[in-house]
Amino acid sequence: MDEHEFESYMKAGEIACRALKYGTSIVREGARVLEIAQSIESMIRSLGGDLAFPVNISINEVAAHYTPVPGDELRVPPGAVVKIDVGVHVDGYIADTAATVSLDPSRASLLDACREALERGLQAVSPGTKFNEFGRVVETVLKSRGFKPVYNLSGHSLDRYTIHAGDVIPNYRDIRCFSRFRDGRAYALEPFATPGSGLVEDGPYITIYAIRYSPKKVRSLSEDAKRFLEEVYSTRKSLPFATRWYVDSYGPKLESILKELRKSKLLIEYPVLIERSRSVVAQFEHTIVLYKGRVYVTTAQC
Ligand code: MN
Ligand code: MN
């Protein structure tokens with residue numbers, strides 16, 4: 001990792017930190033989720049960041065991967081547990097950070113446990129620490145408070161323009177995992193906590209997509225689909241996107257464009273993830289960079 005890369009990770013982290021702080025401060029019962037997402041996204045842009053993925057606002061038993069759709073009427077319900085997950089990039093270098101707000105005071109212990117699991121896990125990390133050790137700390141904190149981690153959601157290494165760069169960092173002591181945190185690398189660490197089963201499953205709808213790759217020759221696609229593919233891939237590569245970003249320029253054609261890309265296997269789809277026993281889920285996430293032997297929590301300084 002060179003100085004430019006490090007500085008870009010730090011800048012993305014500060015922007016993401018500020019955007020998340022703002023986002024959690026505007027969650028109110030009855031607020032439109034679309035408006036919350038849009039105002040966080042405009043703040044990211046005005047601070048000089050690009051969106052690494054659409055702002056996710058996942059409520060109650062929806063653990064992750066919900067972003068508002070065009071014209072979304074969803075409002076924050078009474079007593080909701082609201083997770084806001086923000087992704088910023090600067091020149092492709094990503095900050096990925098999340099926090100949970102509860103409008104139900106009785107959920108405070110769940111949120112506290114999850115926040116503390118992340119903090120204690122972070123304290124355990126230095127170059128050479130096993131991913132497993134992070135997971136062990138997270139699981140121990142959560143279980144001591146009467147909760148479970150979500151076993152099938154994990155942290156991940158980050159790379160330029162790549163959110164899931166290969167390494168998987170478990171939120172429990174996974175005996176099959178032997179890898180270690182390495183200097184010169186960036187990671188997103190994200191415990192999810194629940195009083196429920198501790199597993200998520202794919203939900204029935206999709207709000208987040210990405211382009212798998214952009215082939216040199218695509219004979220079978222319509223002109224509209226080619227234009228869309230070119231526009232998204234040239235600006236975002238395979239970073240995820242929301243349909244609401246493109247609905248103004250493509251209008252009702254967008255649905256058929258996505259259908260074509262799906263058929264050609266050029267579309268990645270991220271279904272919403274729902275807790276299997278329909279229990280509420282909390283999440284806290286920070287991005288860290290290991291640089292010259294030190295650990296920097298890029299999304300904690302703002
Ligand atoms: Mn995230
Ligand atoms: Mn993440």
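The values are calculated or read from the model by the stated rules, or taken from the named source; none is laboratory data. These figures come from a predicted structure and were not determined experimentally. Note that we place each Cβ from the backbone using ideal geometry, even for glycine, and neighbour counts take in every protein chain shown. The area values use the complete protein model at the heavy-atom level, side chains included, leaving out ligands, DNA and RNA. Shrake-Rupley method; radii C 1.70, N 1.55, O 1.52, S 1.80 Å.
When we screen 182, 136, 176 for residues that are farther than 24 Å from residue 94 by Cα, part of a loop (DSSP other than H, G, I, E, B) and of a type in the set (D, E, K, R), the only hit is 176.
Note on segment 125-164: residues that are closer than 20 Å to residue 178 by Cβ and more than 17 Å from the chain's Cα centre (by Cα) total 16.
If you check 28, 18 for being basic (Lys, Arg), in contact with a Cys (Cβ under 9 Å, 6 or more places away or on another chain) and at pLDDT 95 or above, only one passes: 18.
If you filter segment 65-88 down to residues that are open to solvent by 10 Å² or more (accessible area, probe 1.4 Å) and within 16 Å of ligand 1 (Cβ to nearest atom), you find that the one that is farthest from residue 254 (Cα to Cα) is 85. Residues that are over 14 Å from the mean Cα position of the chain (by Cα) and of a type in the set (Ser, Thr, Tyr) were ranked within segment 33-58; the one that is most open to solvent (accessible area, probe 1.4 Å) is 46.
Quick grid of which residues meet (1) in contact (Cβ under 8 Å) with a residue 60 or more places away in the chain; (2) more than 13 Å from residue 244 (Cβ to Cβ):
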| position | (1), (2) |
| --- | --- |
| 16 | yes, yes |
| 20 | yes, yes |
| 24 | yes, yes |
| 30 | no, yes |
| 33 | no, no |
| 41 | no, no |
| 48 | no, yes |
| 63 | yes, yes |
| 67 | yes, no |
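When segment 45-88 is filtered for residues that are within 18 Å of residue 296 (Cβ to Cβ) and away from ligand 2 (no atom under 13 Å from the Cβ), only 49 remains.
Here is a list: 73, 29, 61. Which entry is within 17 Å of the chain's Cα centre (by Cα) and among the charged types (D, E, K, R)? Result: 61 is the single residue among 73, 29, 61 that is within 17 Å of the chain's Cα centre (by Cα) and among the charged types (D, E, K, R). If a residue must be hydroxyl-bearing (Ser, Thr, Tyr), farther than 22 Å from residue 65 by Cα and within 22 Å of the chain's Cα centre (by Cα), how many such residues does segment 98-115 contain? Matching residues across segment 98-115 total 0.
For residue 161, the stated conditions hold: it is in contact with a helix residue (DSSP H, G or I) (Cβ under 9 Å, 6 or more places away or on another chain), among the hydroxyl-bearing types (Ser, Thr, Tyr) and open to solvent by 40 Å² or more (accessible area, probe 1.4 Å).
Residues checked against (1) within 16 Å of ligand 2 (Cβ to nearest atom); (2) touching a residue at least 40 places away in the same chain (Cβ under 8 Å); (3) over 30 Å from residue 142 (Cα atoms); (4) crowded, with 18+ Cβ neighbours inside 10 Å:
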position	(1), (2), (3), (4)
188	yes, yes, no, yes
197	no, yes, no, no
213	no, yes, yes, no
229	no, no, yes, yes
246	no, no, yes, yes
252	no, no, yes, no
264	no, yes, yes, no
275	no, yes, no, yes
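If you go through segment 129-157 and keep only what is touching a Lys or Arg at 6+ places or on another chain (Cβ under 8 Å) and closer than 29 Å to residue 239 by Cα, you end up with 129, 130, 131, 132, 135, 138, 157.
Among the residues of segment 52-61, those identified as within 14 Å of ligand 1 (Cβ to nearest atom) and either of a type in the set (S, T, N, Q) or touching a residue at least 60 places away in the same chain (Cβ under 8 Å) (or both) are 52, 53, 54, 56, 58.
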